[in-house]
Amino acid sequence: MKTATTPRGRDAGARSPATAPPPPSGPRKGSGIRPHLPSSPWLFLAPGLLVVTAFGLYPFLSTVTGSFTDARTLAPGRFVGGANYRELIHDAMFWTGLRNSLLYVLGVVPLLVVLPLLLAMLVRRQIPAITFFRAAFYTPVVASVVVVGLIWVWLLDDRGLINALLEGLGFGRVGFLSDPWLLLLSAMAVTVWKGLGYYMIIYLAALAGVPRELHEACAVDGAGAVRRFLTVTVPAVRSTMVLVAALSSVGAFKVFSEVYLMAGPTGGPGGEDTTLVMLVQQVGTGLSGRVGYASALSVVVFVLTLGLMLLVLRAHRTEDR
Amino acid sequence: MSSRTRRRPDRRAGHAHDGRRMPRWQLLLRYLLLLAVLALTIGPFLWQLSTSLKGAGEDLYRYPPSLVPHEVTLGNYSGVARIIPVWDFALNSLKVALANVLTNCAGAALAGYALARMRFRGRRTALVVFLMAMLVPVESIMIAQFVTMRELQLNNTLLGVVLPGCIGAMNVLLMRNAFAGLPYEVEEAAYVDGAHAWQRFLRIALPSVRGTLAVVAIFAFMGAWDDFLWPLIVLSDQSKFTLTIGLNFLHGTFADNQRLVAAGTVIAVLPLIVLFACLQRSFFRGVGEGAVKG
């Protein structure tokens, strides 16, 4: 990824010319930085490698192998070939979950790419009290998704603040949390609300790198604010926009908590609002959890998450040509 | 600030503070927009705080709604503690979060140092292992992790909550980048003076990357304190609940009593808001560093 929101992304090799005349990984045979004891580097690495392997890579492999078995929580299960995947194709809940998770991406990502950029431009100038505003806009990021979810459940309640205001203004009450479609939209709004501050900070770092002269030259040519935004700002932060699109689409596709809290553990009446990750959690946990089938669902989550990320990055690359 | 001083070709001034002078109306408009967004981001929190402070005698649904409680009471906070052991939940969350901070800081610093500063066979392989682990979304392996925890008999324990994320691959890579950014000369001098790897790590390298270490610590704390999905899966016994799981339980069982739910959420969010208010800089730095690798 060529985005460098901060110079930290570069590795040692990239900065060595600036620091030390002899490159650190260069022809310094024998001397230089070398472990005192031969086993020493592995001692440094052992805890990290152990945790990452035991609780990251091993579970991944056992998810893949488990997806071909009929394992349950309390029983190891037998090899059943592709039966889980065949079942998945005929499972209406799977398609509901997939639909909702993909809709979530479509609903959330465009807003999370654009709104935080506008917000970053709003808080960009060093005007009095701006650090306060920046911090305040970031607060929803700091709060737990459970807190955020419950706050909005109360606000969007049939008799909550928003409906009271709507009624006071002469509109009728809206069933934000009772209509399945409205609930999904409300959950998306909550996700966007919670994510704004995070991406705002990313954009703020990117905007700091946009040369002022570009704006001025453009202004001299008589371009208005909107025009300048489209011809100077957007192209300058485009790679950051792709980064934000990639991050937010992966996050949106794996949505769980917002919908779980707003629609309930089973995704509302008839499970209409169930997302893919909610389905994994429902199917795979508990004493009677169908681990094998949940593993197949997990593999689908993994493949689609990775695919989504590659899709976004690829769209960026073809655009470059 | 006068509206006549428009864009002078004084480039130095423009560069130093990122500020051409803004016309007064534009500044005013900017503050109005800022206040509108402020109401949108902070308003919901304030409404929740206000709900938690309203006494039983006050109608929560009255119109027009009132943000300021008529009779402020802390009764809902003792009320929520009567129906769920909310302070025990808070203590559990604190234990989990502090453990997560310690293991992540120590584990990531050690591994990051080895990856950035030591040369040995298999370094590239080790790096690839961390990179691959970072690519696997937690949501796609949580069922297998749950099975593993059952086999280790760690399900329904706080240790089981902490263990899977106790050394994050991303934190290892963050620390690696931080160590790689340090100049070599100082460590070389120490090497010449006979300092061995542990001494160089503890005395020289580690103090120089305090900033990144703080970022790792803060995000480890926040991540563990706010986490919901994994504790939900691994914990089943109420006495082991963390705050987020306890709140979910409270919401499921006492959904009608908005005052109590509001008090619970305030208890859960206040510590982090205080932490954030104190350590803003590291929070923002973390977003920048995490985003590059994330």
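The values are calculated or read from the model by the stated rules, or taken from the named source; none is laboratory data. What you see is a predicted model; the values in this text were computed from it and never measured. With ideal geometry, Cβ positions are generated from the backbone for all residues, glycine too; neighbour counts draw on all protein chains shown.
How many of the residues making up the range A:220-234 are farther than 19 Å from A:Val114 by Cβ and not aliphatic (A, V, I, L, M)? Before the answer, list the steps.
Residues of the range A:220-234 that are farther than 19 Å from A:Val114 by Cβ, as a first pass: A:220-223.
Restricting the remaining residues to those that are not aliphatic (A, V, I, L, M) gives A:221-222.
Final tally of qualifying residues: 2.
There is at least one residue in the range B:76-90 that is within 12 Å of chain A (Cβ to nearest Cβ), out of contact with any Asp or Glu (no Cβ under 7 Å at 6 or more places or on another chain) and outside any loop (DSSP other than H, G, I, E, B).
Select the helices (runs of 4 or more DSSP H) contained entirely in the range B:186-294, then report the ones holding at least 3 residues which are in the same structural domain as B:Val136 (by TED's automatic domain parsing) and modelled with pLDDT under 95. Spell out the reasoning first.
On the way: elements: B:210-226, B:229-234, B:243-253, B:258-278, B:280-293.
Once the helices (runs of 4 or more DSSP H) in the range B:186-294 are filtered for at least 3 residues that are in the same structural domain as B:Val136 (by TED's automatic domain parsing) and modelled with pLDDT under 95, what remains is B:210-226, B:243-253, B:258-278, B:280-293.
Residue pairs whose Cβ atoms lie under 7 Å apart, separated by 6 or more positions or on different chains, with the first residue in the range B:218-231 and facing another protein chain (nearest Cβ under 7 Å) and the second of a type in the set (A, V, I, L, M, F, W, C) and not in a helix (DSSP H, G or I), are B:Leu229/A:Phe256.
Just the residues that are of a type in the set (D, E, K, R), in contact with a Ser or Thr (Cβ under 8 Å, 6 or more places away or on another chain) and without any contact (Cβ under 8 Å) to a residue 24 or more places away in the chain, please, taken from the range B:134-155. Before the answer, list the steps.
Step one: filter the range B:134-155 for residues of a type in the set (D, E, K, R), giving B:139, B:150-151.
The next check asks that each one be in contact with a Ser or Thr (Cβ under 8 Å, 6 or more places away or on another chain); those that pass are B:139, B:150.
Selection gives B:Arg150 alone.
This table checks each residue for (1) surrounded by 14 or more Cβ atoms within 10 Å (Cβ to Cβ); (2) at the interface with another protein chain (Cβ under 7 Å from one of its Cβ atoms); (3) at pLDDT 90 or above.
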| site | (1), (2), (3) |
| --- | --- |
| A:Ala4 | yes, yes, no |
| A:Gly30 | no, no, no |
| A:Leu43 | yes, no, yes |
| A:Pro47 | yes, yes, yes |
| A:Arg78 | no, no, yes |
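Could you check, for the range A:106-118, whether at least one of its residues is touching a residue at least 24 places away in the same chain (Cβ under 8 Å), more than 8 Å from chain B (Cβ to nearest Cβ) and part of a loop (DSSP other than H, G, I, E, B)?
No, the range A:106-118 contains no residue that is touching a residue at least 24 places away in the same chain (Cβ under 8 Å), more than 8 Å from chain B (Cβ to nearest Cβ) and part of a loop (DSSP other than H, G, I, E, B).
In summary, B:Asn248 fulfils each of the numbered conditions (1) touching a residue at least 40 places away in the same chain (Cβ under 8 Å); (2) buried (at least 21 other Cβ atoms within 10 Å of the Cβ) with the single exception of condition (1). The single condition among (1) at the interface with chain A (Cβ under 10 Å from one of its Cβ atoms); (2) at pLDDT below 90 that B:Thr51 does not meet is (2). Every test in (1) part of a loop (DSSP other than H, G, I, E, B); (2) surrounded by 15 or more Cβ atoms within 10 Å (Cβ to Cβ); (3) in contact with a helix residue (DSSP H, G or I) (Cβ under 8 Å, 6 or more places away or on another chain) is passed by B:Leu67 save one, and that test is (2). Would you say B:Ile167 is modelled with pLDDT of 90 or more, part of a helix (DSSP H, G or I) and facing another protein chain (nearest Cβ under 10 Å)? No: the conditions fail for B:Ile167. Of the numbered criteria (1) surrounded by fewer than 17 Cβ atoms within 10 Å (Cβ to Cβ); (2) in contact with a helix residue (DSSP H, G or I) (Cβ under 6 Å, 6 or more places away or on another chain), the one A:Leu61 fails is (2). Applying the condition of being surrounded by fewer than 21 Cβ atoms within 10 Å (Cβ to Cβ) and outside any helix (DSSP H, G or I) to the range A:257-284 and asking which residue is modelled with the lowest pLDDT yields A:Gly268.
Which one is nearest to the other protein chains (Cβ to nearest Cβ), of the residues in the range B:142-158 that are assigned to a helix (DSSP H, G or I), over 25 Å from the mean Cα position of the chain (by Cα) and more than 16 Å from A:Gly56 (Cβ to Cβ)? Ranking the qualifying residues of the range B:142-158, first place goes to B:Arg150.
Please work out if A:Leu156 is closer than 23 Å to B:Pro64 by Cα and out of contact with any strand residue (DSSP E or B) (no Cβ under 7 Å at 6 or more places or on another chain). Yes. When B:Lys54 is tested against (1) in contact with a helix residue (DSSP H, G or I) (Cβ under 7 Å, 6 or more places away or on another chain); (2) surrounded by fewer than 24 Cβ atoms within 10 Å (Cβ to Cβ); (3) free of Cβ contacts under 8 Å to residues at least 40 places away in the same chain, just one condition goes unmet, and that condition is (3). Among residues of the range B:114-133 that are more than 8 Å from chain A (Cβ to nearest Cβ), those with a beta-carbon under 8 Å from a residue that is surrounded by 21 or more Cβ atoms within 10 Å (Cβ to Cβ) and modelled with pLDDT of 90 or more at least six positions away or on a different chain give the pairs B:Leu127/B:Leu115; B:Leu127/B:Arg176; B:Leu131/B:Ala169; B:Leu131/B:Leu173.
When we screen B:Asp256, B:Asp227 for residues that are of a type in the set (Asp, Glu) and buried (at least 21 other Cβ atoms within 10 Å of the Cβ), the only hit is B:Asp227.
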